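Trainee: The structure is given below, and queries will be raised subsequently.
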Amino acid sequence: MYPVQHRSWITLSEQQQAQLKLLLLEADPDWAQISSYLLQADIFVILDEQDHLIAQLCLSQQDHQAEIKNLAVAQSVQGQGLAKALIQYTIGYVMQLMVQTLWVKTGNSSLDQLALYQKCGFRMSHIERDVFTNYPEPIYENGIRCLDQVVLVIEFNNHAL
(Lines give C-alpha, C1' and ligand atoms only; values in the text may rest on other atoms or scores of the structure.)
Protein backbone atom coordinates (compact mmCIF):
# COMPACT_ATOMS: atom_id res chain seq x y z
CA MET A 1 0.00 0.00 0.00
CA TYR A 2 1.21 3.45 -0.86
CA PRO A 3 1.37 6.09 1.91
CA VAL A 4 -1.05 9.01 2.06
CA GLN A 5 0.65 12.40 1.73
CA HIS A 6 -0.75 15.77 2.81
CA ARG A 7 -0.23 18.40 0.13
CA SER A 8 -1.58 21.67 -1.21
CA TRP A 9 -2.04 22.67 -4.84
CA ILE A 10 1.10 24.82 -4.87
CA THR A 11 3.34 22.07 -3.49
CA LEU A 12 2.52 19.70 -6.38
CA SER A 13 4.68 19.59 -9.50
CA GLU A 14 3.11 20.76 -12.77
CA GLN A 15 2.78 17.13 -13.85
CA GLN A 16 1.08 16.21 -10.56
CA GLN A 17 -1.25 19.22 -10.86
CA ALA A 18 -2.29 17.99 -14.31
CA GLN A 19 -2.86 14.48 -12.94
CA LEU A 20 -4.82 15.90 -10.01
CA LYS A 21 -6.99 17.96 -12.35
CA LEU A 22 -7.93 14.83 -14.31
CA LEU A 23 -8.86 12.98 -11.12
CA LEU A 24 -10.84 15.94 -9.78
CA LEU A 25 -12.85 16.09 -13.00
CA GLU A 26 -13.60 12.36 -12.81
CA ALA A 27 -15.37 12.97 -9.51
CA ASP A 28 -16.99 16.28 -10.52
CA PRO A 29 -17.14 17.49 -14.14
CA ASP A 30 -17.73 21.11 -13.05
CA TRP A 31 -14.27 22.79 -13.08
CA ALA A 32 -15.72 26.10 -11.90
CA GLN A 33 -17.05 24.37 -8.77
CA ILE A 34 -13.71 22.62 -8.15
CA SER A 35 -11.81 25.89 -8.61
CA SER A 36 -13.91 27.51 -5.89
CA TYR A 37 -12.27 25.39 -3.17
CA LEU A 38 -9.07 23.92 -4.63
CA LEU A 39 -6.51 26.53 -3.56
CA GLN A 40 -7.72 26.54 0.06
CA ALA A 41 -8.18 22.78 0.32
CA ASP A 42 -6.10 20.27 2.20
CA ILE A 43 -5.22 17.73 -0.48
CA PHE A 44 -4.40 14.18 0.52
CA VAL A 45 -2.75 12.23 -2.27
CA ILE A 46 -1.34 8.82 -3.00
CA LEU A 47 1.56 8.62 -5.43
CA ASP A 48 2.84 5.48 -7.14
CA GLU A 49 6.49 4.45 -7.48
CA GLN A 50 6.96 6.87 -10.42
CA ASP A 51 5.48 9.79 -8.42
CA HIS A 52 2.29 9.71 -10.50
CA LEU A 53 -0.72 10.93 -8.58
CA ILE A 54 -3.10 7.94 -8.49
CA ALA A 55 -5.61 8.96 -5.82
CA GLN A 56 -6.72 12.16 -4.13
CA LEU A 57 -9.08 13.58 -1.54
CA CYS A 58 -9.77 17.32 -1.16
CA LEU A 59 -10.85 18.54 2.26
CA SER A 60 -12.33 21.93 3.10
CA GLN A 61 -12.43 23.19 6.71
CA GLN A 62 -14.29 25.98 8.41
CA ASP A 63 -14.66 26.49 12.16
CA HIS A 64 -15.30 23.07 13.70
CA GLN A 65 -16.59 21.49 10.51
CA ALA A 66 -14.91 19.87 7.53
CA GLU A 67 -16.15 18.53 4.23
CA ILE A 68 -14.71 16.02 1.80
CA LYS A 69 -15.17 18.00 -1.39
CA ASN A 70 -13.71 15.58 -3.91
CA LEU A 71 -12.40 12.00 -3.90
CA ALA A 72 -11.13 10.04 -6.88
CA VAL A 73 -8.88 7.09 -7.64
CA ALA A 74 -7.31 6.42 -11.04
CA GLN A 75 -9.24 3.71 -12.86
CA SER A 76 -6.13 1.55 -13.24
CA VAL A 77 -5.82 1.15 -9.44
CA GLN A 78 -9.46 1.12 -8.34
CA GLY A 79 -10.55 -1.69 -6.05
CA GLN A 80 -7.30 -1.71 -4.06
CA GLY A 81 -8.58 0.16 -1.01
CA LEU A 82 -7.01 3.52 -1.87
CA ALA A 83 -10.24 5.53 -1.44
CA LYS A 84 -10.87 3.85 1.92
CA ALA A 85 -7.28 4.62 2.98
CA LEU A 86 -7.74 8.29 2.06
CA ILE A 87 -11.02 8.50 3.97
CA GLN A 88 -9.58 6.82 7.06
CA TYR A 89 -6.53 9.09 6.97
CA THR A 90 -8.81 12.13 6.68
CA ILE A 91 -10.96 11.00 9.60
CA GLY A 92 -7.85 10.71 11.77
CA TYR A 93 -6.60 14.09 10.56
CA VAL A 94 -9.82 15.97 11.37
CA MET A 95 -10.13 14.27 14.76
CA GLN A 96 -6.70 15.65 15.68
CA LEU A 97 -7.94 19.12 14.71
CA MET A 98 -10.93 18.73 17.05
CA VAL A 99 -13.36 18.98 14.13
CA GLN A 100 -16.85 18.20 15.39
CA THR A 101 -18.52 17.33 12.10
CA LEU A 102 -17.20 15.77 8.89
CA TRP A 103 -19.48 16.01 5.86
CA VAL A 104 -19.41 14.37 2.46
CA LYS A 105 -21.84 14.86 -0.40
CA THR A 106 -22.36 12.57 -3.36
CA GLY A 107 -24.85 12.00 -6.12
CA ASN A 108 -27.93 9.87 -5.71
CA SER A 109 -26.67 7.64 -8.54
CA SER A 110 -23.23 7.06 -6.96
CA LEU A 111 -24.11 3.70 -5.42
CA ASP A 112 -20.54 2.47 -4.85
CA GLN A 113 -19.58 5.76 -3.18
CA LEU A 114 -22.65 5.68 -0.94
CA ALA A 115 -21.69 2.17 0.20
CA LEU A 116 -18.04 3.14 0.76
CA TYR A 117 -18.85 6.18 2.87
CA GLN A 118 -21.21 4.20 5.07
CA LYS A 119 -18.61 1.43 5.51
CA CYS A 120 -16.22 4.16 6.69
CA GLY A 121 -18.64 5.34 9.39
CA PHE A 122 -20.68 8.06 7.67
CA ARG A 123 -24.43 8.22 8.29
CA MET A 124 -26.99 9.69 5.93
CA SER A 125 -28.09 13.15 6.98
CA HIS A 126 -30.36 14.49 4.25
CA ILE A 127 -30.92 14.92 0.52
CA GLU A 128 -30.49 18.18 -1.38
CA ARG A 129 -32.87 17.93 -4.32
CA ASP A 130 -32.08 18.97 -7.91
CA VAL A 131 -28.45 19.96 -7.23
CA PHE A 132 -27.24 18.41 -10.50
CA THR A 133 -30.05 19.51 -12.80
CA ASN A 134 -28.14 22.59 -14.02
CA TYR A 135 -24.94 20.79 -14.99
CA PRO A 136 -23.99 21.36 -18.65
CA GLU A 137 -24.42 17.65 -19.46
CA PRO A 138 -26.68 15.19 -17.65
CA ILE A 139 -24.77 12.76 -15.41
CA TYR A 140 -25.65 9.06 -15.47
CA GLU A 141 -24.18 6.37 -13.24
CA ASN A 142 -25.41 2.81 -12.85
CA GLY A 143 -28.17 3.62 -15.36
CA ILE A 144 -29.56 6.30 -13.00
CA ARG A 145 -29.69 10.03 -13.77
CA CYS A 146 -27.86 11.99 -11.09
CA LEU A 147 -30.20 14.74 -9.93
CA ASP A 148 -29.96 14.92 -6.14
CA GLN A 149 -27.11 15.20 -3.67
CA VAL A 150 -27.01 12.81 -0.74
CA VAL A 151 -25.38 14.36 2.34
CA LEU A 152 -23.61 12.06 4.79
CA VAL A 153 -22.00 12.96 8.10
CA ILE A 154 -19.76 11.75 10.91
CA GLU A 155 -20.21 13.61 14.19
CA PHE A 156 -17.30 13.35 16.59
CA ASN A 157 -17.63 13.50 20.35
CA ASN A 158 -14.39 15.37 20.98
CA HIS A 159 -15.06 15.58 24.71
CA ALA A 160 -14.15 11.89 24.96
CA LEU A 161 -10.73 12.37 23.37
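Trainee: Taking the chain, how many lysine pairs are there with alpha carbons less than 18 Å apart, if each pair must be eight or more places apart or span two chains?
Mentor: 6
Trainee: By the gyration tensor of its Cα atoms, with a ≥ b ≥ c the square roots of the eigenvalues, what is the shape of region 41-93: rounded for a/c under 1.5, prolate for a/b over b/c, or oblate?
Mentor: On the way: a/c = 2.42, a/b = 2.02, b/c = 1.20.
Since a/c reaches 1.5 and a/b is larger than b/c, the shape of region 41-93 is classed as prolate.
Trainee: Return the carbon/sulfur percentage of the accessible area of region 23-133, one whole number, probe 1.4 Å, all protein chains in place. Intermediate values should be presented prior to the final figure.
Mentor: Working: 2550 of 5680 Å².
Carbon and sulfur together cover 45 percent of it.
Trainee: Given contacts defined as C-alpha pairs under 8 Å and at least six residues apart, what's the relative contact order of the chain, whole-number percent? Each step should come with its number before you reach the end.
Mentor: Values: 264 pairs, mean separation 29.6, N = 161.
It rounds to 18 percent for the chain.
Trainee: While we're here: Quick one: which residues, 5 or more positions from S125 or on another chain, have an amide H under 5 Å from its amide H? H modelled 1.01 Å from N in the peptide plane, none for Pro or chain starts.
Mentor: Residues meeting the criterion, in which the H sits 1.01 Å from N, are V151, L152, V153.
Trainee: Then there is this: How much length is gained if the chain between L22 and Q78 is pulled fully straight, taking 0.36 nm per residue apart and subtracting their Cα-Cα distance, in nm to one decimal? Numbers along the way, then the final one.
Mentor: On the way: separation 56, 0.36 × 56 = 20.16 nm, distance 1.50 nm.
Once the chain is fully extended between L22 and Q78, it gains 18.7 nm.
Trainee: How many Å² of accessible area per residue for the chain, probe 1.4 Å? Can you show the working numbers first?
Mentor: On the way: 9090 Å² over 161 residues.
I get 56 Å² per residue for the chain.
Trainee: With the Cα gyration tensor of the chain giving a ≥ b ≥ c as the square roots of its eigenvalues, does the rule (a/c under 1.5 for rounded; else a/b larger than b/c for prolate; else oblate) give rounded, prolate or oblate? The partial results should precede the final answer.
Mentor: On the way: a/c = 1.44, a/b = 1.02, b/c = 1.40.
Rounded, because the longest to shortest axis ratio a/c is under 1.5.
Trainee: So for region 21-67, averaging the separation of alpha carbon pairs under 8 Å that are six or more residues apart and normalising by length, what relative contact order in percent results?
Mentor: On the way: 42 pairs, mean separation 13.4, N = 47.
Normalised by residue count, the contact order of region 21-67 is 29 percent.
The values are calculated or read from the model by the stated rules, or taken from the named source; none is laboratory data. Bear in mind the structure is a predicted one, so any value in this text is a computation, not a measurement. Each accessible area value is taken on the protein alone, full model and side chains, heavy atoms only, with ligands, DNA and RNA left out. Shrake-Rupley method; radii C 1.70, N 1.55, O 1.52, S 1.80 Å.
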